[in-house]
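Asks: Supplied in structure tokens, the structure appears directly below.
Taken together, the values in this text are just the output of simple stated rules run on the coordinates, not laboratory data. All of these numbers come straight from a predicted model, not from anything done at the bench. Note that each Cβ is placed from the backbone with ideal geometry, even for glycine, and that neighbours are counted across all protein chains shown.
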Amino acid sequence: MPEQENRIGEVIETGTAEFTAQCYELYQSPPLGSLVKAGDESIKQYAIVYNSTTSIIEPGRRPIARGKDEATEEGVYRSSPQLLKLLRTEFNALVVGYREGGKVFHYLPPRPAKIHSFIYECDDEEIKEFSNSFDFLNILINSSLPVPVEEIVAASLRHMSRVYDDPQRFLVSAGKELAVLMGTDFNRLKSVLSKIR
């Protein structure tokens with residue numbers, strides 16, 4: 001699939017360890033735990049989606065209920081087409097690695113992505129190449145996020161496992177790595193393992 005086809009948005013806020021992106025299409029955020037990339041040909045950052053929101057563009061305003069006389073949710077948008085211009089979908093992603101000079105690194109890149117960098121969903125081959133090493137898990141499990149880290153770890157591993165011929169084998173290998181990384185925190189480890197079964 002040409003890269004242009006899986007372009008989903010642009011970076012609108014950026015930092016060393018994470019970025020926020022706005023989606024081109026309303027409600028079309030990549031799934032929780034999915035691997036996305038940002039940047040140009042010289043350096044591509046890999047990040048895992050950990051949060052998604054849809055809100056009104058104008059600060060201080062809130063959406064109002066519009067569906068009282070509509071039979072479906074789609075009907076609300078048909079009768080109020082301006083909603084597509086008044087709302088936006090954004091997602092937050094935690095940077096877990098990067099590609100430079102054709103090589104993949106599983107640690108933070110030397111500088112953050114640029115504002116307006118295009119965001120792409122990674123294809124199956126890129127996901128496979130990135131997840132050949134579980135070194136990115138250390139960044140994930142030690143991050144401080146506004147959502148439960150165990151949920152993000154499990155979601156990312158489930159998402160990555162789907163590209164393998166033997167997803168169960170991938171998840172077992174990931175579970176062994178997690179046991180090493182989280183060995184002293186049995187409750188957290190148990191929480192993640194129960195979600196990747």
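Asks: Which value at 222 nm does the chain reach when only helices count, each DSSP H run of 4 or more adding -39,500 (n - 2.57), with the total divided by all residues and rounded to the nearest 500 deg cm²/dmol?
Replies: Per the formula, -9000 deg cm²/dmol.
Asks: Here is a further query. Once the Cα gyration tensor of region 29-140 is diagonalised, what are the square roots of 5 times its eigenvalues, in whole Å and ordered largest first, as equivalent ellipsoid semi-axes?
Replies: One finds semi-axes of 36, 15, 12 Å for region 29-140.
Asks: On full extension of the chain, what length is gained from D69 through I43, given 0.36 nm per residue of separation minus the C-alpha to C-alpha distance?
Replies: Stretched fully, the D69-I43 segment lengthens by 4.3 nm.
Asks: Say each of V172 and A17 gets a label point 7 Å from the Cα, pointing the same way as Cα to Cβ; how far apart are those two points in nm?
Replies: Result: 3.4 nm between the two label points.
Asks: Return the subset of K37/K68; K128/K195; K37/K176; K85/K114; K37/K195; K114/K190 for which the Cα-Cα distance in this structure is over 30 Å, preserving the input order.
Replies: K37/K68; K114/K190
Asks: Further question: Starting from a Cα-only point model with no solvent, please compute log10 I(q)/I(0) by Debye for region 85-162 at q = 0.11, 0.14, 0.23, 0.24 1/Å.
Replies: -0.34, -0.55, -1.38, -1.46
Asks: Counting other Cβ atoms within 10 Å of each Cβ, which GluC sites (Glu not before Pro) in region 1-62 have at most 15 and sit in a DSSP loop?
Replies: Of the GluC sites (Glu not before Pro), the ones in loops of region 1-62 whose Cβ has at most 15 other Cβ atoms within 10 Å are E25, E41.
Asks: Right, another one. In whole Å, largest first, what are the principal axis extents of the Cα atoms in the chain?
Replies: 55, 39, 33
Asks: Next question, about the same structure. Run the simple label-point estimate for A179 and E100 please: 7 Å along Cα→C-beta, distance reported in nm.
Replies: 3.6 nm
Asks: How would you order 177-190, 133-146, 112-125, 62-75 from highest to lowest mean count of nearby Cβ atoms within 10 Å?
Replies: In decreasing order of mean packing, 177-190, 133-146, 112-125, 62-75 become 112-125, 133-146, 177-190, 62-75.
Asks: Can you figure out the FRET efficiency of N138 with R62, using R₀ = 45 Å and their beta-carbon distance, to the nearest 0.05?
Replies: So, using R0 = 45 Å, E works out to roughly 0.70.
Asks: How much length is gained if the chain between E151 and K114 is pulled fully straight, taking 0.36 nm per residue apart and subtracting their Cα-Cα distance, in nm to one decimal?
Replies: 10.5 nm
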